[in-house]
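The block underneath contains the structure these notes are about, expressed in structure tokens.
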Amino acid sequence: AITMFAIARRGRRSASKGRAARKAKLSASPSLYTTGRNTRIVGLHAEGSSSGSRGAQRDLCYLHLMGPAEKSLLEEFRGVVEDLVEKTGQRSIWGVSLSSAEDEASDIVLFKFLRAANLNLDEARSRLEKTLRFRAQENVNEMRSQPLEPHFRGHDTLVGQDIDGRPVMVSRYGKMDNDKVFGNLEGFLKYRTQVMESAVAKLPFKKGAPEDLCQVHDYSGVPLLFKTNEVKNCVNAMSKLFGDHYPELKGTTIFVNFPMTFSKLFQAFSMFLPERTRKKFMIFGESEQALLFKYIRPETVPEDLGGLLRATDEDPGEQALQTEVPAGEVREVLLAQASGPATLEWDVRCCAQEASYEIFFVPAAGGNEKKVVQDTPLEASSGVVSGCYETKQAGVLRCRFKNEKAWFASRLCLSRGRSVSKEP
């Protein structure tokens with residue numbers, strides 16, 4: 001909730017700036033760890049000094065969308081980059097070299113800074129210089145290879161891609177030791193910077209490819225009351241850090257297992273967010289996996305969030321079938337089929353609460369179905385249930401999902417199967 005309030009405050013300030021004439025912007029401190037009152041002023045850049053966007057449009061400032069005006073603005077910005085590289089001693093950002101003229105990846109990076117500065121060339125230059133100094137002085141390029149402190153480990157996972165191809169990063173807050181995680185501002189910022197660097201490293205930086213991230217924040221187990229001073233200070237500093245040095249990287253942000261109290265508070269604060277920012281946030285409760293799966297395929301969603309991806313899985317595996325089972329009803333699905341002797345494997349689960357299931361084999365030659373798994377409870381807390389069946393003949397393996405105990409609520413179930421042919 002504090003994270004979202006910090007975002008709302010930043011959005012409100014941004015909207016106010018958009019409605020009024022911009023005041024002169026002060027460049028931020030060259031250090032990662034000096035914020036707020038301790039920020040050192042190293043330069044002054046007024047919007048009026050900009051050479052202007054020359055007719056370029058912000059929404060067209062992408063390599064696959066740009067027209068002549070956007071290309072001209074990009075070329076003008078590119079013309080000052082080598083000077084910034086020489087001044088700061090930092091030649092790359094997010095694994096992308098800025099020294100290569102007319103390089104696709106570096107142009108994507110430059111467009112990000114231009115969009116973040118609303119196409120103000122002077123402001124974009126100032127932002128980029130500030131970020132290059134930050135990366136050089138804090139040795140950010142080396143952070144990914146450095147080990148995390150034990151209390152920072154295990155909270156963040158990169159789990160694949162969303163339906164639009166964005167890298168997905170899941171952050172879990174319920175098991176954090178607040179005293180240790182938020183007790184040291186510098187340590188916290190280094191931790192979050194390292195996590196962000198790992199996520200950005202998954203971006204391809206190719207023309208027309210996704211350019212931002214999908215972030216999932218899991219609030220299961222988060223208490224309603226926080227140790228607010230430490231948490232608030234860390235979150236505010238992190239929000240400023242990412243806003244300054246990781247522009248245009250926020251794609252979709254999804255909050256799952258979100259308490260109703262927090263949800264209502266965010267709805268009240270979200271009115272201060274610009275519409276473009278507000279559309280990037282999704283809030284889902286504990287049993288709203290069907291909504292989550294519209295953004296991230298179930299085989300990519302971790303098992304503890306209602307998906308099929310187990311902690312030991314190296315890849316998401318086969319695509320899953322989603323089956324909604326209304327209260328008091330039964331739904332039957334195909335798992336796998338065999339054209340001869342084979343091993344038929346399956347994965348099934350109930351995403352929230354409880355249903356039941358049975359698995360049976362139907363021979364292609366006809367005859368009675370053979371029960372493989374008798375009517376068995378399928379609890380969400382059990383996660384993914386897997387099994388296999390050896391057949392000597394052709395046929396199909398099917399599953400019946402049952403929601404016969406519920407009075408009103410449907411159950412969402414997932415299933416998939418595969419056939420492994422036997423050697424002759």
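The values are calculated or read from the model by the stated rules, or taken from the named source; none is laboratory data. Note that this is a predicted model, so its numbers are computed, not measured. Using ideal geometry, Cβ is built from the backbone for each residue, glycine included, and neighbour counts are taken over all protein chains shown. What goes into the accessible areas is simple: the full protein's heavy atoms, side chains included, and nothing from ligands, DNA or RNA. Shrake-Rupley method; radii C 1.70, N 1.55, O 1.52, S 1.80 Å.
Can you tell me the convex hull volume per residue for segment 141-200, based on C-alpha atoms, in Å³ to the nearest whole number?
87 Å³
Relative to its Kirkwood radius, the Cα radius of gyration of segment 332-375 gives an Rg/Rh of 1.00. Could you give log10 I(q)/I(0) at q = 0.17, 0.20 Å⁻¹ for segment 189-243, computed by the Debye formula over C-alpha point scatterers of equal weight, without solvent? Result of the Debye calculation: -0.74, -0.92. Take the alpha carbon gyration tensor of segment 51-170, find the square roots of its eigenvalues, order them as a ≥ b ≥ c, and report rounded if a/c is under 1.5; if not, report prolate when a/b exceeds b/c, else oblate. Oblate is the answer for segment 51-170, as a/c is 1.5 or above yet b/c matches or exceeds a/b.
Distance from the alpha carbon centroid of segment 326-403 to that of segment 106-149 works out to 52 angstrom.
For the pair Asp179 and Thr312, the difference between a 0.36 nm per residue extended length and the Cα-Cα distance amounts to 44.9 nm.
Anything over 22 Å Cα to Cα? Flag those among Lys190/Lys280; Lys175/Lys250; Lys112/Lys232; Lys190/Lys232; Lys294/Lys371; Lys202/Lys280, in the order listed.
Numbers: Lys190/Lys280 25 Å; Lys175/Lys250 24 Å; Lys112/Lys232 28 Å; Lys190/Lys232 16 Å; Lys294/Lys371 33 Å; Lys202/Lys280 20 Å.
Long pairs (Cα-Cα over 22 Å): Lys190/Lys280; Lys175/Lys250; Lys112/Lys232; Lys294/Lys371.
Look at the alpha carbon pairs under 8 Å that are at least 6 residues apart: their mean separation over the length of segment 236-292 gives a relative contact order of 45 percent. Give the shape of segment 321-424 as rounded, prolate or oblate, defined through the alpha-carbon gyration tensor: a ≥ b ≥ c are the square roots of its eigenvalues, a/c under 1.5 means rounded, and otherwise the shape is prolate if a/b is larger than b/c and oblate if not. Prolate, since a/c reaches 1.5 and a/b exceeds b/c. A Stokes-Einstein calculation at 25 °C with viscosity 0.890 mPa s, built on the Kirkwood radius of segment 214-260 over Cα pairs, returns a diffusion coefficient of 197 µm²/s.
Mind running the shape call on segment 200-285? Use the C-alpha gyration tensor, a ≥ b ≥ c as the square roots of the eigenvalues: rounded below 1.5 for a/c, prolate if a/b tops b/c, oblate otherwise.
On the way: a/c = 1.82, a/b = 1.55, b/c = 1.17.
Judged from the Cα gyration tensor, segment 200-285 comes out prolate (a/c at least 1.5, a/b above b/c).
Kirkwood radius for segment 101-194, taken over all pairs of different Cα atoms as the inverse mean of 1/r, rounds to 16.1 Å. Quick check: residue separation of Ser386 and Met260 times 0.36 nm, minus the Cα distance between them. What number comes out in nm? That pair, Ser386 and Met260, stretches by 42.0 nm at full extension. Applying the criteria of a DSSP loop state and at most 15 other Cβ atoms within 10 Å to the chymotrypsin sites (Phe, Trp or Tyr not before Pro) of segment 345-408 yields Trp407, Phe408.
Fully extending the segment from Ser421 to Lys370, taken as 0.36 nm per residue of separation minus the present Cα-Cα distance, adds 16.4 nm. To put it simply, the accessible area of segment 167-240 at a 1.4 Å probe is 50 percent carbon and sulfur.
According to the Cα-based calculation, Rg over Rh for segment 222-362 is 1.07, with Rh computed by the Kirkwood formula. With coordinates expressed along the principal axes, the C-alpha atoms belonging to segment 127-279 extend over 40, 34, 29 Å, beginning with the largest.
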